[in-house]
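Asker: Take a look at the following structure, please.
The values are calculated or read from the model by the stated rules, or taken from the named source; none is laboratory data. The model shown is predicted, which means the values in this text are computed figures rather than measured ones. Neighbour counts run over all protein chains shown; Cβ positions are idealised from the backbone, glycine included.
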Amino acid sequence: MRRFIYAVLLFAGTCAAQDAGQFKPAETNVWGAEYPRIDAAGRVQIRIKAPDANKVKLNFWSGPKVDMEKQPDGFWTVTTTPLVPGLHYYVINIDGADASDPGSNAYFGGTRYTSAVEIPEPGSTYYSIQDVPQGQVREVWYNSKVTGSWRHALVYLPPDYEANARKRYPVLYLQHGGGEDETGWIRQGRANFILDNLIAAGQARPMIVVMAYGYARRPNSTGPTVTGPTPGSAQGAQARNEMAKVFEEEVTQVLIPFVDKTYRTLADRDNRAMAGLSMGGFQTFHITLNHLDLFSHIGGFSGAAGLLEDRALDLKTDFNGVFADPAAFARKVHVLYLGVGTAENERFTTRIRGLHNALKEAGVEHVYWESPNTDHEWQTWRRNLKDFASRIFKKK
């Protein structure tokens, strides 16, 4: 899910030893691992031991594959040209088999756990841990009557949640993308640090953030969950639409009541928001626009407009005509947010910009924001969350 803006990858060879003083272990490494290493320019050094291998390749997702060079000690090495800031997924292919880098932490993306390296964005601290009051991230399990199974979610509680036992909080339901899971917004997106920093700076209201597992199917169903039919196929569209309907029931009938019962929430539509990235944006629009009795803040980050049919949105009739009267819509929806990266595939930019233009022409109040020079990737969505969270739960 990432476009790499760099030329070709270069072999390290003996250069690795010469440049070693300029490189430091990546913050995404497992404890004590010296590699992968990065430098201030964004170059990455990869080093892996495979003494019996005949060929080893480095594969940054959506980027070129490059042969690594075998060293006399049995290690294979490579140094890249500079990578753009953000989180970069990669695998190492050893004699035809993809493997994770044992020096990197594993992140769930692309329907599997994989290695990744973080390239810091110069001057940006909004998604890094800072010396400010820290919220808590809790794991919860709840039993769903819709899916007939136990469901898992992560819940962010703001820094003052425990200290103010009588205080109640607005809630943001924040969804991951396709091929990811409910851990993504914390592990890859660093949503907790983004909220901590915004709250500490007075730029966002203290809020509860719920990140739920976004795949759902009915009891005894054998339909796809994370993986499934080809997305462009009729079977794929049918499976996607069925999952969207089940997840809508899951959120509205099970998850929201569970959260309101378990935590000190402000349990009304004016204090409830939903947002998501990519697939999560599709889910967000589909759920919220069909349930404006439950939500008043809506955010789509690189996400479609939420139609189950693959067609342009009809502002007069779709979603029970919620857009037909812009003034009435503005009274109900406090924030309608569209975000996209300027370097994203036309499949995303064309649709989202088209929706923005249609809403603008119809006089529907909304926020449209483009993340400069970022693709369909976590750096786009981190920026979207920062901007969106600073706008919601504010008095109009």
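Asker: For residues that are out of contact with any Ser or Thr (no Cβ under 9 Å at 6 or more places or on another chain), under 18 Å from Ala97 (Cα atoms) and outside any loop (DSSP other than H, G, I, E, B), tally how many sit in region 28-77.
Answerer: 9
Asker: Tell me which residues, restricted to region 96-114, are part of a loop (DSSP other than H, G, I, E, B) and either closer than 29 Å to Arg383 by Cα or in contact with a strand residue (DSSP E or B) (Cβ under 8 Å, 6 or more places away or on another chain) (or both).
Answerer: So in region 96-114, the residues part of a loop (DSSP other than H, G, I, E, B) come out as 96, 100-103, 105, 110-111.
Those that are part of a loop (DSSP other than H, G, I, E, B) and either closer than 29 Å to Arg383 by Cα or in contact with a strand residue (DSSP E or B) (Cβ under 8 Å, 6 or more places away or on another chain) (or both): Ser100, Asp101, Pro102, Gly103, Asn105, Gly110, Thr111.
Asker: Based on what the data block shows, is Glu162 surrounded by 16 or more Cβ atoms within 10 Å (Cβ to Cβ) and of a type outside the set (Ser, Thr, Tyr)? Lay out the reasoning, then the answer.
Answerer: Details: surrounded by 16 or more Cβ atoms within 10 Å (Cβ to Cβ): no; of a type outside the set (Ser, Thr, Tyr): yes.
So Glu162 does not fit the description; no.
Asker: Next question, about the same structure. Check region 115-138 and report whether any residue there is farther than 28 Å from Ile199 by Cα, buried (at least 19 other Cβ atoms within 10 Å of the Cβ) and under 25 Å from the mean Cα position of the chain (by Cα).
Answerer: Quick first cut of region 115-138, residues farther than 28 Å from Ile199 by Cα only: 115-116.
Narrowing the set further to residues that are buried (at least 19 other Cβ atoms within 10 Å of the Cβ) leaves 115-116.
Applying the additional criterion that residues be under 25 Å from the mean Cα position of the chain (by Cα) yields 115-116.
Yes, because at least one residue in region 115-138 is farther than 28 Å from Ile199 by Cα, buried (at least 19 other Cβ atoms within 10 Å of the Cβ) and under 25 Å from the mean Cα position of the chain (by Cα).
Asker: Could I ask something else about it? Any chance region 242-265 includes a residue that's assigned to a helix (DSSP H, G or I), among the charged types (D, E, K, R), at pLDDT below 95 and within 25 Å of Gln188 (Cα to Cα)?
Answerer: First, pick out the residues of region 242-265 that are assigned to a helix (DSSP H, G or I): 242-262.
This time we only want the ones that are among the charged types (D, E, K, R), so: 242, 245, 248-250, 260-261.
Narrowing the set further to residues that are at pLDDT below 95 leaves 242, 245.
Filter once more, so that each one left must be within 25 Å of Gln188 (Cα to Cα): none.
There is no residue in region 242-265 that is assigned to a helix (DSSP H, G or I), among the charged types (D, E, K, R), at pLDDT below 95 and within 25 Å of Gln188 (Cα to Cα).
Asker: Can you tell me which residue in region 143-154 is nearest to Ile194 (Cα to Cα), limited to those that are in contact with a Phe, Trp or Tyr (Cβ under 7 Å, 6 or more places away or on another chain) and surrounded by 13 or more Cβ atoms within 10 Å (Cβ to Cβ)?
Answerer: To start, the set of residues in region 143-154 that are in contact with a Phe, Trp or Tyr (Cβ under 7 Å, 6 or more places away or on another chain) comprises 143, 150-153.
Applying the additional criterion that residues be surrounded by 13 or more Cβ atoms within 10 Å (Cβ to Cβ) yields 151-153.
Values: Arg151: 25, His152: 22, Ala153: 19 Å.
Checked region 143-154; the qualifying residue nearest to Ile194 (Cα to Cα) is Ala153.
Asker: For the structure I just gave you, tell me whether His297 is within 20 Å of Pro170 (Cβ to Cβ) and either buried (at least 22 other Cβ atoms within 10 Å of the Cβ) or hydrophobic (A, V, I, L, M, F, W, C) (or both). Spell out the reasoning first.
Answerer: Details: within 20 Å of Pro170 (Cβ to Cβ): yes; either buried (at least 22 other Cβ atoms within 10 Å of the Cβ) or hydrophobic (A, V, I, L, M, F, W, C) (or both): yes.
For His297, the condition - within 20 Å of Pro170 (Cβ to Cβ) and either buried (at least 22 other Cβ atoms within 10 Å of the Cβ) or hydrophobic (A, V, I, L, M, F, W, C) (or both) - is met.
Asker: Sticking with this one: Looking at region 135-170, which of its residues are over 15 Å from Ile208 (Cβ atoms), of a type in the set (S, T, N, Q) and outside any strand (DSSP E or B)?
Answerer: Thr147
Asker: So the check is Cβ under 9 Å with 6+ separation or different chains; which pairs have a first residue in region 349-370 that's more than 13 Å from Leu315 (Cα to Cα) and a second one that's of a type in the set (Ser, Thr, Tyr) and in a helix (DSSP H, G or I)?
Answerer: Glu370/Thr349
Asker: Could I ask something else about it? Is there a residue being assigned by TED's automatic domain parsing to the domain that holds Met279, in contact with a strand residue (DSSP E or B) (Cβ under 6 Å, 6 or more places away or on another chain) and within 15 Å of Leu277 (Cβ to Cβ) anywhere in region 318-338?
Answerer: Yes, region 318-338 has at least one match.
Asker: Further, regarding this structure: Mind telling me which of the residues Gly300, Gly306 ends up being under 22 Å from Ala237 (Cβ atoms), touching a Leu at 6+ places or on another chain (Cβ under 7 Å) and at pLDDT 95 or above? Break it down into steps so the answer makes sense when it comes.
Answerer: On the way: Gly306 fails: at pLDDT 95 or above.
On inspection, the qualifying residue turns out to be Gly300.
Asker: Tell me yes or no: at least one residue of region 359-368 is outside any helix (DSSP H, G or I), closer than 29 Å to Pro122 by Cα and modelled with pLDDT of 95 or more. Give the derivation first.
Answerer: Quick first cut of region 359-368, residues outside any helix (DSSP H, G or I) only: 363-368.
From what's left, closer than 29 Å to Pro122 by Cα: 367-368.
Filter again for modelled with pLDDT of 95 or more, leaving 367-368.
Yes; the residues of region 359-368 include at least one that is outside any helix (DSSP H, G or I), closer than 29 Å to Pro122 by Cα and modelled with pLDDT of 95 or more.
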